[in-house]
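Peer 1: Below is the structure I would like to discuss, written out as structure tokens.
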Amino acid sequence: MLIKRGIAVSPGVAIGPAMVFGAESYRIPQQLISVNVVEVELTRFRAALEATCQEILLNEQLARERLGDQYAAIFSAHLLLARDPQLIEQIESRIRQQNSPEFAASQVLRLYAKRMRDLGGQYLAERSIDIVDLEKRLVRNLLGERREELSNLTAPVLVLANNLTPSETANLDRKFVLGFATEVGGHTSHTAILAGALELPAVVGIGKFLDDVSGSEMIIIDGSHGVVIIDPDPDTLVKYRDSEARFRSHERRLQSLRTLACETKDGVPIKLMGNIEFPTEAEPSRDKGASGIGLYRTEFLYLESNREPTEDDHYRAYCQVLKAFPGEPVVIRTLDLGSDKMPGPLRAAYPDSVNPALSIRSIRLSLKHLELFKTQVRAVLRAAVLGDLRIMFPMISTLLEFRQARMVLCDVAEDLEEQGVPYRGDIPVGMMVEVPAAAVMAEEFAREVDFFSLGTNDLIQYTLAVDRADQAVAGLYRSGDPSIIRLIRMVVEAGKNNNIPVSVCGQMSSDPMFIPLLVGLGIRQISVTPHAIPELKEVIRNLTIERAVSIAERASSLEVARDVENYLWGELKKLCPESMQLD
Amino acid sequence: MVAASIQRAMVTVRNSKGLHMRPLELIARKAQSFRSQVFVTRGSNRVDAKSLLHLLTLGAEPGMELEIDATGDDANEAVEQLVTLIGSEFEGFDRS
């Protein structure tokens, strides 16, 4: 049994056989064979090995004819690997111990690939790819016609991958995929978004672990706690089967909350909205109970094709989201990318950004490249005719920046007016509070902006100077740090004094444990990953304002993040004992 | 029997790129041409010289000292020829 930890991005428990994606695009049907077929399976293995050698010989011949002896030499080494006496002995010995040939070959070759990678050095790491390639050939020959493609599964699997690209996820046979786990990625990776949309348990950002898994090995993905368990022992399996069943009944109970109002026990309404990235997420968010979109990330428009999006690309996407939320607010966040991620010539314009997080990104990029910015703003003002569309600027750090951005918006409105294009120029204009400087100056900002949205992800990163995607310091990233609570309090106060709304849209607000604190600090609008909405609604409905205020008071008096988080966790358990049975 | 006695010798890796795929392939093929069991040791890692996979896990770089040992009726020739091969420059094979 091996336990791996990553980032929990989509809750729930999935149990089943692993399908390691990328290294193999097929599923190994069984791990074990019965004792009376061992000889038959050994023969089958030798035949598959011979077929593999014939393939390599054919490749060697083709390479020699077309490319010359130097290239053919690569295959002669591959042939020697395939006929390696140690390799054959180890695989056959596992088959004698009743491992299926597919499983035995996969396990032994992966062990070698891992050993070579672990030795370090670029050269051996690259050679380990040759071993993986041999594994693929061999297993493919073993499976023959029984081979299952990822796009054509016949039994449920848990998909494990280094990362899933959009095209790979598009080809998945969704009927049989029970959950996802990936080595890289964060809350906004495609795997996370897809898993959230499909409501499948998922864990990302686990770090290297695929070498430790063979196809068809039993896996548990705990998407609520960010845990992946490889080859669980019987006790663990029983525990998780139990928790899988409880999660299902918990989901059903939460679903029944859908039609109930989102208000505290003493009747104070709290607005729960959805964070989305793709227009297609709008309807599912509404079905989860979102009353509006509090954060529409528009980056996908720039990333999905390798060109800058046109005004119409923007316009169509915004209209689609508005259509799902008639009469409800939809908040568009303008471009929030670093120059390093931009398509086309912009990336080339800033080749040497030493630290992208502190460089040309977000609003800084927009203000430096006004044509790019104006294209997006024009589309927003045009779409605003159709509903309650609002705009906010990310990563504002000084008043001057906000004024400049607002000026651009006024210019665009004037242009549209002159051109006789239908638009709305008086939409609410807000800002993300995610740079500590903006939180400290919130009082001054509040006199000029129409609303604040606390982007806790970046606010925590910049306040604590921690990049949580960096494994070495990820543990220092703490949403419960007293400095964060104090900054949030300052922003809420500034909002109250100037009568403007303050919402929270970072990952912190998707965690039920922080809800009493946020409500107690005075937050009345929260925007979260859509699938978190039912659970948060339950917390809110069990909470009174008086209780929330006292929780916030007590949490504010604590000096270190660990104490704050322990305290909030304890309070949540008292508030929602039923949900907490899940842990 | 005399034939089963163990033969040993030390050799230093001399080719400039270290023992990569192509030189290791030649070493494995050479080892396979003997009836004796042949091993190569680097530090605490003793591997089967007839196994290219095992040889790859040596991570042998230029200047490293390796020990060759062989057991069998042609152990003498095996050690002698492998020392000559590993100590050579592997000219013309550096590209892989």
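The values are calculated or read from the model by the stated rules, or taken from the named source; none is laboratory data. Here the structure is a predicted model, which is why all the values come from computation and not from measurement. With ideal geometry, Cβ positions are generated from the backbone for all residues, glycine too; neighbour counts draw on all protein chains shown.
Peer 1: Among A:THR52, A:THR43, which is away from every other protein chain (no Cβ under 14 Å) and under 16 Å from A:ILE131 (Cβ atoms)?
Peer 2: A:THR52
Peer 1: Filter region A:231-269 down to residues that are in contact with a Lys or Arg (Cβ under 8 Å, 6 or more places away or on another chain), surrounded by 12 or more Cβ atoms within 10 Å (Cβ to Cβ) and at pLDDT 85 or above, then give me how many there are.
Peer 2: Residues flagged as in contact with a Lys or Arg (Cβ under 8 Å, 6 or more places away or on another chain), surrounded by 12 or more Cβ atoms within 10 Å (Cβ to Cβ) and at pLDDT 85 or above within region A:231-269 amount to 6.
Peer 1: If you scan region A:88-136, which residues turn out to be under 30 Å from the mean Cα position of the chain (by Cα), β-branched (Val, Ile, Thr) and within 11 Å of another protein chain (Cβ to nearest Cβ)?
Peer 2: Once the filter is applied, which keeps residues that are under 30 Å from the mean Cα position of the chain (by Cα), β-branched (Val, Ile, Thr) and within 11 Å of another protein chain (Cβ to nearest Cβ), region A:88-136 yields nothing.
Peer 1: Could you tell me whether any residue of region A:335-350 is of a type outside the set (S, T, N, Q) and modelled with pLDDT of 90 or more?
Peer 2: yes
Peer 1: Further question on the same structure: Could you identify the single residue in A:ASP411, A:ASP426, A:ASP450, A:ASP415 that is within 28 Å of A:PHE514 (Cα to Cα) and of a type in the set (Asp, Glu)?
Peer 2: Unique residue meeting the criteria: A:ASP450.
Peer 1: Among residues belonging to region A:19-55 that are crowded, with 21+ Cβ neighbours inside 10 Å and among the β-branched types (Val, Ile, Thr), point out the one that is modelled with the highest pLDDT.
Peer 2: Looking at the filtered set, the residue picked out is A:THR52.
Peer 1: If you don't mind, another one. Go through the residues of region A:445-452 one by one and say whether even a single one is assigned to a strand (DSSP E or B) and either aliphatic (A, V, I, L, M) or surrounded by 21 or more Cβ atoms within 10 Å (Cβ to Cβ) (or both).
Peer 2: yes
Peer 1: Tally time: how many residues in region B:37-85 are away from chain A (no Cβ under 14 Å) and either in a loop (DSSP other than H, G, I, E, B) or farther than 23 Å from A:SER128 by Cβ (or both)?
Peer 2: Result for region B:37-85: 21.
Peer 1: Let me ask something else. Would you check which residues across region B:15-36 are within 12 Å of chain A (Cβ to nearest Cβ) and either of a type in the set (D, E, K, R) or assigned to a loop (DSSP other than H, G, I, E, B) (or both) and list them?
Peer 2: If the condition is that a residue be within 12 Å of chain A (Cβ to nearest Cβ) and either of a type in the set (D, E, K, R) or assigned to a loop (DSSP other than H, G, I, E, B) (or both), then B:LYS17, B:GLY18, B:LEU19, B:HIS20, B:ARG22, B:GLU25, B:ARG29, B:LYS30 are the ones that fit.
Peer 1: What number goes with the only condition from (1) closer than 27 Å to A:VAL502 by Cα; (2) in contact with a Pro (Cβ under 9 Å, 6 or more places away or on another chain); (3) in a helix (DSSP H, G or I) that A:ALA413 does not pass?
Peer 2: (2)
Peer 1: When you scan region A:317-324, do you find a residue that is aromatic (Phe, Trp, Tyr) and either crowded, with 21+ Cβ neighbours inside 10 Å or modelled with pLDDT under 95 (or both), even just one?
Peer 2: Yes, the conditions are met somewhere in region A:317-324.
Peer 1: If I go through region A:391-409 residue by residue, how many of them are surrounded by 13 or more Cβ atoms within 10 Å (Cβ to Cβ) and either out of contact with any helix residue (DSSP H, G or I) (no Cβ under 8 Å at 6 or more places or on another chain) or aromatic (Phe, Trp, Tyr) (or both)?
Peer 2: Of the residues in region A:391-409, 4 are surrounded by 13 or more Cβ atoms within 10 Å (Cβ to Cβ) and either out of contact with any helix residue (DSSP H, G or I) (no Cβ under 8 Å at 6 or more places or on another chain) or aromatic (Phe, Trp, Tyr) (or both).
Peer 1: In region A:69-87, what residues are small (Gly, Ala, Ser) and at the interface with chain B (Cβ under 10 Å from one of its Cβ atoms)?
Peer 2: Across region A:69-87, the qualifying residues are A:ALA73, A:SER76, A:ALA77, A:ALA82.
Peer 1: Is there any pair with a first residue in region B:64-85 that is farther than 14 Å from B:LEU19 by Cα and a second that is part of a strand (DSSP E or B) and charged (D, E, K, R) whose Cβ atoms are under 6 Å apart and which are 6 or more apart or on different chains, and what are they?
Peer 2: Matching pairs, first to second residue: B:ASP69/B:ARG8.
Peer 1: Right, here's the next one. Of all residues in region A:106-134 being out of contact with any strand residue (DSSP E or B) (no Cβ under 9 Å at 6 or more places or on another chain) and among the hydroxyl-bearing types (Ser, Thr, Tyr), which is modelled with the lowest pLDDT?
Peer 2: Looking at the filtered set, the residue picked out is A:TYR123.
Peer 1: Here is a further query. Has region A:293-306 got at least one residue that is of a type in the set (A, V, I, L, M) and modelled with pLDDT of 85 or more?
Peer 2: Yes, region A:293-306 has at least one match.
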